[in-house]
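Input: a single structure, listed below in structure tokens.
Each reported figure results from applying straightforward, stated rules to the coordinates on display, with no laboratory input. Everything numeric in this text was worked out from a predicted model, so none of it was measured. Neighbour counts run over all protein chains shown; Cβ positions are idealised from the backbone, glycine included.
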Amino acid sequence: MHNFRWKISGVLLSSLLLFTATAQKKTIDQKVDSVLSLMTVEEKIGQLNQFNDNWRATGPVTVDNDKFNQIKNGQVGSLLNTLGTERTRSWQNVAMQSRLKIPLIFGQDVIHGYKTTFPIPLGEACSWDMDAIELTARVAATEASASGIHWTFAPMVDISRDPRWGRVMEGSGEDTYLGSKIAYARVKGFQGKSLGDTNSVMACVKHFAAYGAAIGGRDYNSVDMSDRTLWEVYLPPFKAAVDAGAATLMNAFNDINGVPSTGNKVLLRDILKGKWGFKGFVVTDWGTIGELVDHGYVANDYQAAQTAITAGADMDMESRCYKNNLAKLISDNKISINLLDDAVKRILKKKFELGLFDNPYKYCNPLRETNALNNNNHAKVAREAATKSIVLLKNEKNILPLSKNIKTIAFIGPLVKEVKQNKGFWDIDIPGADSSFIVSQWNGLQNKVGNNTNLLYAKGCEVDGDNKDGFAEAIAIAKQADVIILSIGEKRDMSGEAHSRSNINIPGIQEDLVKEMLATGKPVVVLINAGRPLVFNFTADNAPVILYTWWLGSEAGNAIADVLFGDYNPSAKITMTFPRVVGQIPFYYNHFNTGRPVVNEEDHVYKSSYRDIPSTPKYPFGYGLSYTTFGYSNLQLSKKKMAKKEKIEVSFTLTNTGNLDGEEIVQLYLRDKVSSLVRPIKELKDFTKLMLKAGESKTIKFVIDNEKLSFYNQQLIWDSEPGEFDLMIGASSEDIRLTDKFELVN
Ligand code: NOJ
């Protein structure tokens, strides 16, 4: 395939030899400059082009039958959607036939695992467990890098307050503080100790910026937002990821206040590359340079390329605007060569840091690939991450955990025997791999129960549609059982990119099936599989037990069984508010008080409320139950007044008051009572997760410093203001168990 003989001038050859001989002694920046000095304008532009390859297209496809020659001519810097050592090696071979032999970078959406699939990020966020989150990213990096991938387009750190938006499944939910911690952990996990390590992949933090606030939750939609909200709510997770050393960022599809992100110089040059000192490169989202024309921001691709490179977008994913226009823009003196050089240098630098100039095939070892993709330890990590992501929403009469001696269990519902569904959106089908490693919910239950338990199954209905033909069989089966487990929810592709929904009720007639199961009079445990917070008021009000299982990945079945039978005591807490009805959206816990807050639900006339529903959520941010209970007591503050340079130590006692060992996620919220700008009714400012044995007590400590009291004031300066603060410690944003006050003094 790659039998290409290249010619090289004597001068160039000696420059290259010189470069190679002295390369070892040079710093990476010097090496980058050496390569740059050898490059033609066309080769420089080539580094800025990223083309799609042949795996499942993740955007509108550009038909391009000439990739081979373009890569051979040094006109492509990166490919996305190329999987496996064999294919990445073969393309790298082509790049090695180019004049300067600059290696390609292979990018891929490794969002929640590569072959081993972890819970969708929104589910995993509910673990509030930074070590677990970092570990799954580490394992994903280990597998992806062994399979030829250098770069993942993750983590997605968009804060979102709108569950209609299909992409909430990819992020951490609605909270900035928690989202920033998770962004940091995920970057560390993907990139490992050093990009030069063979099992590290570059992270790509996305989507810069504010994509999660797309109006109406409609994908690719506009964002209209104050600078204060942008800085305070939406930018911090990006900053945290940059602080963690993220190698790359991806800009967003949306405009913010009329400026599309791909052409947003303030965001990219002033904030990211200026104020934050980001040294990596920015890749556009798919086709977004060309979409500047559709936005109506520029008239044609020529202007689009000029706008994007000037703004600071370094690599063009799939629009071909740089490829087709940058040379002319330079010869027309519309952009300076320095602008092009800056983008090229940023990309080359990462190629050096990845070690690709030393060994372009570093990630192309088939033996390593086979071992990494068949490592049983990875399944263990996936099972643990999945158990930690399952949220117990309701458990009346302590029906859970189930006894392992139950005689007959009816496992009913359209998702019981699904296999691939468990992987959730953004899963990766490894070429040639079968799906036998994915544990269905049915198999998970079978693995768990002994020979004495009789397992019965009926599908009941489909996820969507209105056909009730299967109900009769499901009812008959259910009547034979001691316990019914009912698995319902969304399909894996009802959320994700381009999968926003105006109706977020449990689809189809599944809640009718819940009704039928309850009518049998047997204990019913409902599992809700979903990629977003759904609305399910009938189930929430009537079913005695609900586990929210999201999409848990390849170990879904085992993890669910672990929780059902108490081998894992659930500890997860939701990181997005669950609304009662879609009309409450956008809905989030850290809202302002308004001039007319609802203080008493009985009296909400002339108050900031809807007349037809309570003003509270169905389930609040930070909520989730355990099989045990926890008591909070003995709150103490080291002082009640602090100056800006001082700190207050907060301590209290947490006691496991139930009969089982378990973990609790303790949350600390603050409220700035009076300030020059209105502040939220409460904001998460710290949390900790800890395991307590039944009956055990532990002292928990938090530290309040000036950072936790600061906000962006009217001049957009991050600072605190003297005055009183409310301190709240609780088991959720609404279940506040301990309160006190303190004062910040001058
Ligand atoms: C578009 C998505 O918005 C982005 O998140 C993804 O990384 C790219 N497509 C590449 O698949």
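What the Cβ-Cβ distance of M691 and Q446 gives, at R0 = 22 Å and to the nearest 0.05, is a FRET efficiency of 0.15.
In segment 309-453, inverting the average of 1/r over every pair of distinct C-alpha atoms gives 21.5 Å as the Kirkwood radius.
Charging the Cβ of each Asp and Glu at -1 and of each Lys and Arg at +1, and nothing else, the dipole of the chain about its Cα centre rounds to 1640 debye.
Computed on the Cα trace of segment 103-177, the radius of gyration divided by the Kirkwood hydrodynamic radius gives Rg/Rh = 1.00.
On full extension, the segment bounded by E721 and T62 gains 231.9 nm, given 0.36 nm per residue less the C-alpha separation. The stretch between Q714 and R89 holds 219.6 nm of extra length on full extension. This uses 0.36 nm per residue minus the Cα-Cα distance. By the equivalent-ellipsoid construction on the alpha carbon gyration tensor, segment 243-369 comes out with semi-axes of 27, 17, 15 Å, ordered largest to smallest.
Tell me the mean residue ellipticity at 222 nm calculated for the chain from its helices only (DSSP H runs of n ≥ 4, each -39500 (n - 2.57), averaged over every residue, nearest 500).
-8000 deg cm²/dmol
The simple spin-label model puts a point 7 Å past each Cα toward its Cβ; for K515 and K647 those points are separated by 5.7 nm.
Applied to segment 694-706, the Karplus parametrisation 6.51 cos²θ - 1.76 cosθ + 1.60 on θ = phi - 60° returns per-residue 3J(HN,Hα) values of 3, x, 7, 10, 9, 8, 10, 10, 10, 10, 9, 10, 4 Hz, with x for Gly and Pro. Here is the size of segment 440-510 from its Cα atoms: Rg then Dmax, 15.0, 46 Å.
Each label point was placed 7 Å from the Cα along the Cα-to-Cβ direction; for N503 and K279 their separation is 5.4 nm. For segment 552-666, the alpha-carbon coordinates run over 50, 44, 27 Å along the three principal axes, in decreasing order.
For segment 630-745, the convex hull spanned by the alpha carbon atoms encloses 87 Å³ per residue.
So for segment 641-746, averaging the separation of alpha carbon pairs under 8 Å that are six or more residues apart and normalising by length, what relative contact order in percent results?
Values: 222 pairs, mean separation 37.3, N = 106.
Computed over segment 641-746, the figure is 35 percent.
Each pair of Cα atoms in the chain enters the Kirkwood radius, and Stokes-Einstein at 25 °C and 0.890 mPa s then converts it into a translational diffusion coefficient of 90 µm²/s. Only Cα pairs under 8 Å and 6+ residues apart enter the sum, and on that basis the relative contact order of segment 187-340 stands at 20 percent.
Compute the Kirkwood hydrodynamic radius of segment 31-141, taking the inverse of the mean of 1/r over all pairs of distinct Cα atoms, and give it in Å to one decimal.
Details: mean 1/r = 0.0624 Å⁻¹.
Across segment 31-141, the inverse of the average 1/r is 16.0 Å.
In this entry, segment 377-584 is assigned a mean projected area of 11.9 nm², taken as a quarter of its C-alpha convex hull surface.
Comparing segment 493-556 with the 2.2 N^0.38 Å rule of thumb, its C-alpha radius of gyration ratio is 1.21 (two decimals).
Cut-off 17 Å, label point 7 angstrom out along Cα-to-Cβ of K404: give me the residues of segment 641-662 whose amide nitrogen falls inside. Under 17 Å, as judged by backbone N against the label point of K404, lie 661 of segment 641-662.
Each Cα pair under 8 Å and six or more residues apart adds its sequence gap; the mean of these over the residue count of segment 377-584 is a relative contact order of 35 percent. Would you work out which of T655, L738, G723 lies farthest towards the positive end of the dipole of segment 630-745, given +1 charges on the beta-carbon of Lys and Arg and -1 on that of Asp and Glu, about the Cα centre? In segment 630-745, that residue is G723. Cβ-Cβ distance of N537 and N333, R₀ of 60 Å, FRET efficiency by 1/(1 + (r/R0)^6): the value works out to about 0.45. Computed over every Cα-Cα pair of segment 38-97 and binned at 10 Å starting from 0, the pair-distance distribution P(r) comes out as 22, 55, 22, 2 percent.
Provide the FRET efficiency to the nearest 0.05 for the D735-T370 pair, computing r from the beta carbons and using R0 = 45 Å.
Once the sixth-power term is evaluated, E becomes 0.40.
Multiplying the residue separation of D33 and R611 by 0.36 nm and subtracting their alpha-carbon distance yields 201.5 nm. With unit charges on the beta carbon (Lys/Arg positive, Asp/Glu negative), name the residue among M642, P614, T688 whose Cα is farthest towards the positive pole of the charge dipole of segment 601-688. Projecting each Cα onto the dipole axis, the largest value belongs to M642.
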